[in-house]
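Taking it in order: structure first as structure tokens, then the write-up.
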Amino acid sequence: MFSTRSGAAKLAMAAISLLILIKIIASIITGSISIRADAIHSALDLVAAVVAFIGIRISDKPADGRHPYGHGKAENISGVLVAGLIFFAAGTIIYEAIKRLISGATLELIGVGIFVTAAAIAINGLLSWYVLRVSRATDSIALEASGRHMLTDVFSSCAVLVGLTIVHFTGLIMLDSIVALLVASIIVKSAYGIMRKSFGGLIDVKLPEVEESVIRAAIMEHVGELVEFHKLRTRKAGNQRYIDLHVVMPRNISLEEAHSMCDHLEQDIKSKLQRASITIHVEPYSEERQQYPISPEPPREKP
């Protein structure tokens with residue numbers, strides 16, 4: 001039930017809602033700004049999970065007349081929204097922490113805060129591990145953004161736990177605000193990573209070099225049947241890969257043979273890269289034109 005993208009997003013929303021409630025109660029009881037910062041972080045985890053769920057639902061819609069390439073970029077858009085929310089949360093935490101450092105404050109029932117934070121670390125650790133596992137299995141950028149956000153929540157909670165423990169034994173209350181600032185820096189780093197990856201899909205950044213190498217290796221398996229290939233272009237929208245290239249074939253083969261060769265090449269690439277849409281343009285070999293034989297190295301582009 002929870003092994004799908006939508007299922008994992010639903011599980012994340014339910015668990016995070018519980019964590020938010022627990023942290024808010026703990027922050028009210030103790031008066032800790034670092035626990036409040038952690039609660040804000042968890043609240044954004046919930047927003048991230050909701051946005052990821054919506055993005056996944058939209059991206060799952062099949063291609064239609066208005067969207068012939070599908071709706072995959074909805075996941076990238078949701079990732080950008082999540083990153084923006086995380087930046088906003090970091091700014092809020094920094095403001096509150098600096099304000100508390102200037103005005104001062106008192107903490108009560110620190111032991112309660114320590115217990116709640118430790119429990120939150122355990123729950124969020126398991127949840128983020130599972131969500132990231134599903135995101136890798138389904139290649140979902142929206143779910144990955146949500147999972148990584150939850151993982152930063154684990155790190156921030158660890159910082160809060162250390163800070164509260166030190167405050168408990170030393171009485172240095174200002175450490176609570178300092179830890180909150182540390183949490184904010186962790187959140188900013190997380191937001192930057194999510195924003196960068198999400199924008200990559202929106203501006204059609206090419207596939208990672210390791211995946212392009214897989215494509216070239218698949219073509220190399222057909223040495224002797226193809227003369228050469230060039231103009232390899234790749235991009236990704238959500239979890240869908242788009243690949244197009246030109247292949248040069250001998251002049252003496254029939255249209256049916258060329259078509260069969262292209263089908264075979266497409267299936268080879270799809271067997272190695274999931275959710276790939278491939279377009280192949282066939283060109284006849286011509287001795288008058290400068291041609292480059294197939295080689296293991298990335299082919300030179302033609303002018």
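What the table below lists for this structure:
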{"item": "Odd one out for Arg148, checked against (1) touching an Asp or Glu at 6+ places or on another chain (Cβ under 9 Å); (2) buried (at least 16 other Cβ atoms within 10 Å of the Cβ)", "result": "(1)"}
{"item": "Residue satisfying condition, being of a type outside the set (Asp, Glu), in a strand (DSSP E or B) and at pLDDT below 85, within set Lys231, Lys197, Lys236", "result": "Lys236"}
{"item": "Unique residue being in contact with an Asp or Glu (Cβ under 9 Å, 6 or more places away or on another chain), β-branched (Val, Ile, Thr) and closer than 22 Å to Phe88 by Cβ when the list is Val179, Val188, Val160, Val167", "result": "Val160"}
{"item": "Yes/no for Ile243 being touching a Leu at 6+ places or on another chain (Cβ under 7 Å) and either in contact (Cβ under 8 Å) with a residue 40 or more places away in the chain or not assigned by TED's automatic domain parsing to the domain that holds Ala83 (or both)", "result": "no"}
{"item": "Single match in Val179, Val214 (criterion: assigned by TED's automatic domain parsing to the domain that holds Gly79, part of a helix (DSSP H, G or I) and in contact (Cβ under 8 Å) with a residue 40 or more places away in the chain)", "result": "Val179"}
{"item": "Residue check for Ser140: crowded, with 24+ Cβ neighbours inside 10 Å and either out of contact with any strand residue (DSSP E or B) (no Cβ under 9 Å at 6 or more places or on another chain) or not assigned by TED's automatic domain parsing to the domain that holds Met195 (or both)", "result": "yes"}
{"item": "Filter result for Ser190 (assigned by TED's automatic domain parsing to the domain that holds Ala97, over 20 Å from the mean Cα position of the chain (by Cα) and touching a residue at least 12 places away in the same chain (Cβ under 8 Å))", "result": "no"}
{"item": "For His264: the one exception among (1) out of contact with any Leu (no Cβ under 8 Å at 6 or more places or on another chain); (2) at pLDDT below 85", "result": "(2)"}
{"item": "Unique match (being closer than 27 Å to Asp60 by Cβ, in contact with a helix residue (DSSP H, G or I) (Cβ under 6 Å, 6 or more places away or on another chain) and among the basic types (Lys, Arg)) among Lys206, Lys236, Lys270", "result": "Lys236"}
{"item": "Selected residue [among the acidic types (Asp, Glu), under 19 Å from the mean Cα position of the chain (by Cα) and at pLDDT below 75] from Glu75, Glu108, Glu96", "result": "Glu75"}
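Yes/no per residue for (1) surrounded by fewer than 18 Cβ atoms within 10 Å (Cβ to Cβ); (2) part of a helix (DSSP H, G or I); (3) at pLDDT 80 or above; (4) outside the structural domain of Ile98 (by TED's automatic domain parsing):
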| site | (1), (2), (3), (4) |
| --- | --- |
| Lys10 | yes, yes, no, no |
| Leu21 | yes, yes, yes, no |
| Ser27 | no, yes, yes, no |
| Ala37 | no, yes, no, no |
| Ala49 | no, yes, no, no |
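The values are calculated or read from the model by the stated rules, or taken from the named source; none is laboratory data. Computed from a prediction, not measured in an experiment: that's the story for all the values here. Using ideal geometry, Cβ is built from the backbone for each residue, glycine included, and neighbour counts are taken over all protein chains shown.
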